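Read through the structure below, which is laid out as structure tokens, and then see the notes.
The values are calculated or read from the model by the stated rules, or taken from the named source; none is laboratory data. Being a predicted model, the structure only gives us computed values, none of them experimental. Please note: Cβ atoms are built from the backbone with ideal geometry, for glycine as well, and neighbour counts cover all protein chains shown. We work out accessible area using only protein heavy atoms, side chains counted, and drop any ligands, DNA or RNA first. Shrake-Rupley method; radii C 1.70, N 1.55, O 1.52, S 1.80 Å.
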Amino acid sequence: MTTTALTHKVRVLAAPGHRHDEILTPAALDFVGRLVGAFASRRLELMKERRRQILRLASGSPLDFPMVTAAVRADDDWRVAPPAPGLTDRRVEITGPPDRRMAVNALNSGAKVWMADFEDATAPLWDNIVGGQLNLLDAIERRIDFTTPEGKEYRLGEQVATIMVRPRGWHLDEENLECDGRPVPAALVDFGLYFFHCAQRQIDAGHGPYFYLPKLENRYEARLWNDVFLLAQDLLGIPRGTVRATVLIETITAAFEMEEILYELREHSAGLNAGRWDYLFSLIKTFGHRTDFLLPDRAKVTMTAPFMRAYTELLVRTCHKRGAHAIGGMAAQVPGKDPAANEAAFAKVRLDKEREAEDGFDGSWVAHPALVPVCRDVFDGVLGGRPHQLDRVRDDVEVTPADLLSVRRISGPPTPDGVRTNISVTLRYYAAWLRGQGAVAIDGLMEDAATAEIARVQIWQWLRHQVIDRETVEQILDEESVALGAEYPWAPVADIRALFERTALTGELPLFFTPDAYTRHLVRRPEVQA
């Protein structure tokens, strides 16, 4: 029987699951409903503004640092709030979905912070969303454990990482919750349920409710989050400024408003993060119609590319100018059984982290516990006994709009291997995502939704500019679909191929693959539930 509990206009449409009643309480749903009532209309208007901005840029309007906020950038006196308890030292952070195994391993990994990711690393099956909230609650209550099929038990140690939660982006809906006849914004679901159940518990444990904010495109979206924080704190009687949030700078438009984003969130800010894979995705999505933004194989677009150097150096300078942490990008390598391959992977990670630490970043991300010591050792070598390097203000950095957009300096045609890899990786990730797995190891890398997004928009861009032909893509798609079926016998190959065609081979590029895949494949619609 379908659950249709009504509480302050919020209905749960999905079937009840194990322990769901501990999270989906009337009071928690009422809290989410209050957030929706206050902010849903504003959020919809901001999503319309995203579309308008895309049209403006496509018609030739220049992308520049906003003139109307020049005074904010010129004012040298304002700073963000000082680091909150548990967020002073962030030299190594581990990321991953909030499933039970990942929670225990990440918290015990030796990392300073675990980012529990409801966004790109989680396929939003309803059980994943509610189960993730349960796992976070259990972790904070220190009652979480995990036993492997072989009988090996994992429990929390004495010292565990600080928890930060990444809710889904503003662009996504949660179809399993309904308010006033409409789906609830997924960001408010993930934030609201965690905040309601865990904010005071985290404060009592000596930390606080801390978040990572994804996919922001401008200062107005940051202002919306700040207002959400203010109302949430007021509703639960929590002092203003207790919430802290790190914003991922992973869209090209946000790169032009870093200071403004920090300013909007300043009493709640915990810094900025270089979300480099989504940043490339955003760049192609925004300027894919232009030949001077034609990127080569994604493996050739490294962090040493001039436009990527401009982006990361500006991020460090901006953060340290305002007293905020600058957190580096993801190391996605996954150790395997080949010692030589592992050694090469670890060397690559070390080189990447050395560049970040030397550039002034205060910490960085890894995707696997085995990489924590590598990242920590690098930052230990630069930081020593200091918790960060906020004192390195990087006044030597001067970045212009042209520097952030200088893609043509590394532009070039794709290779046949690059085309095939993009198609193969996208199909394999789609298969895992539709099965309910948002983080998956592919060819020695821990991939999430950002990987599939980059891969499929590159295919779209190359087709648009006729550097590859449709017939070649169709042939590779045929071959890789057959290979997918052999590798994953459980995979619905026809559905996966159709999803690829809808998201990579159309004339107009879909902004994200996730809304299409979610509504077609993952939503448990009431009319089909027993």
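Looking at the stretch 485-512, which of the residues that are open to solvent by less than 40 Å² (accessible area, probe 1.4 Å) and of a type in the set (S, T, Y) is modelled with the highest pLDDT? Within the stretch 485-512, the match that is modelled with the highest pLDDT is T503.
Within the stretch 382-404, if we keep just the residues that are in a loop (DSSP other than H, G, I, E, B) and open to solvent by less than 50 Å² (accessible area, probe 1.4 Å), the residue that is nearest to R350 (Cα to Cα) turns out to be G384. With respect to being β-branched (V, I, T), modelled with pLDDT of 95 or more, more than 19 Å from G37 (Cβ to Cβ) and open to solvent by 40 Å² or more (accessible area, probe 1.4 Å), I203 fits the description.
Could you tell me whether M303 is within 26 Å of F195 (Cβ to Cβ), modelled with pLDDT under 95 and open to solvent by 10 Å² or more (accessible area, probe 1.4 Å)? Step through it out loud before you land on a result.
Numbers: within 26 Å of F195 (Cβ to Cβ): no; modelled with pLDDT under 95: yes; open to solvent by 10 Å² or more (accessible area, probe 1.4 Å): yes.
No.
N218 meets all of the listed conditions (1) within 17 Å of the chain's Cα centre (by Cα); (2) surrounded by 24 or more Cβ atoms within 10 Å (Cβ to Cβ) but one, namely (2). Figure legend. Inter-residue proximity from the stretch 488-500: first residues under 12 Å from R428 (Cα atoms) and part of a loop (DSSP other than H, G, I, E, B), second residues at pLDDT 95 or above and not aliphatic (A, V, I, L, M), beta-carbon distance below 7 Å, spacing 6+ or different chains. Indicated pairs: A491/G485.
Here R142 does not fit the description of being within 30 Å of F39 (Cα to Cα) and open to solvent by 40 Å² or more (accessible area, probe 1.4 Å). Scanning the stretch 405-423 for residues that are open to solvent by 20 Å² or more (accessible area, probe 1.4 Å) and assigned to a helix (DSSP H, G or I) yields R408, R409, I410, P416, D417, R420, T421.
For the stretch 63-73, does any single residue satisfy the condition of being of a type in the set (A, V, I, L, M, F, W, C), in contact with a helix residue (DSSP H, G or I) (Cβ under 7 Å, 6 or more places away or on another chain) and in a loop (DSSP other than H, G, I, E, B)? Before the answer, list the steps.
Filtering the stretch 63-73 for residues of a type in the set (A, V, I, L, M, F, W, C) gives 63, 65, 67-68, 70-72.
Now restrict to residues that are in contact with a helix residue (DSSP H, G or I) (Cβ under 7 Å, 6 or more places away or on another chain): 63, 65, 72.
Now restrict to residues that are in a loop (DSSP other than H, G, I, E, B): 63, 65.
Yes, the stretch 63-73 has at least one match.
Out of A450, A431, which single residue is closer than 19 Å to F281 by Cβ and not charged (D, E, K, R)? Every option except A450 fails the conditions. For A28, the conditions (1) in contact (Cβ under 8 Å) with a residue 12 or more places away in the chain; (2) surrounded by fewer than 16 Cβ atoms within 10 Å (Cβ to Cβ) all hold with the exception of (2).
Restricting the stretch 301-356 to residues that are of a type in the set (D, E) and either in a helix (DSSP H, G or I) or closer than 17 Å to A254 by Cα (or both) leaves a set whose member that is farthest from the chain's Cα centre (by Cα) is E343. Answer yes if at least one residue in the stretch 267-283 is surrounded by fewer than 20 Cβ atoms within 10 Å (Cβ to Cβ) and farther than 27 Å from E49 by Cβ, and no otherwise. No, because not a single residue in the stretch 267-283 is surrounded by fewer than 20 Cβ atoms within 10 Å (Cβ to Cβ) and farther than 27 Å from E49 by Cβ. A search for C-beta distances below 7 Å between a residue of the stretch 427-440 that is touching a residue at least 12 places away in the same chain (Cβ under 8 Å) and any residue that is among the aromatic types (F, W, Y), counting only pairs 6+ apart in sequence or on different chains, returns L427/F500; Y430/F500; A431/Y488; V440/Y429.
Residues to consider are V457, V482, V473; find the one that is within 28 Å of K348 (Cβ to Cβ), modelled with pLDDT of 95 or more and in a helix (DSSP H, G or I).
Values: V482 fails: within 28 Å of K348 (Cβ to Cβ); V473 fails: within 28 Å of K348 (Cβ to Cβ).
Sole residue among the options that is within 28 Å of K348 (Cβ to Cβ), modelled with pLDDT of 95 or more and in a helix (DSSP H, G or I): V457.
Residues that are in contact (Cβ under 8 Å) with a residue 24 or more places away in the chain and among the hydrophobic types (A, V, I, L, M, F, W, C) number at least 3 in the following strands (runs of 3 or more DSSP E) confined to the stretch 165-272: 244-249. Of the residues making up the stretch 96-149, those that are within 20 Å of A370 (Cα to Cα), modelled with pLDDT of 95 or more and touching a Lys or Arg at 6+ places or on another chain (Cβ under 6 Å) are K112, V113, M115, D117. Among the residues examined, R350 qualifies as open to solvent by 60 Å² or more (accessible area, probe 1.4 Å) and touching a residue at least 12 places away in the same chain (Cβ under 8 Å).
For the stretch 161-220, enumerate the residues that are of a type in the set (S, T, N, Q) and touching a Phe, Trp or Tyr at 6+ places or on another chain (Cβ under 6 Å).
So in the stretch 161-220, the residues of a type in the set (S, T, N, Q) come out as 162, 176, 200, 202, 218.
Scanning the stretch 161-220 gives a single hit, N176.
Restricting attention to the stretch 234-255 and to residues that are among the hydrophobic types (A, V, I, L, M, F, W, C) and surrounded by fewer than 20 Cβ atoms within 10 Å (Cβ to Cβ), the residue that is farthest from A84 (Cα to Cα) turns out to be L235.
For the stretch 76-99, the condition holds for at least one residue, the condition being that it is within 23 Å of the chain's Cα centre (by Cα), without any contact (Cβ under 8 Å) to a residue 60 or more places away in the chain and surrounded by fewer than 24 Cβ atoms within 10 Å (Cβ to Cβ).
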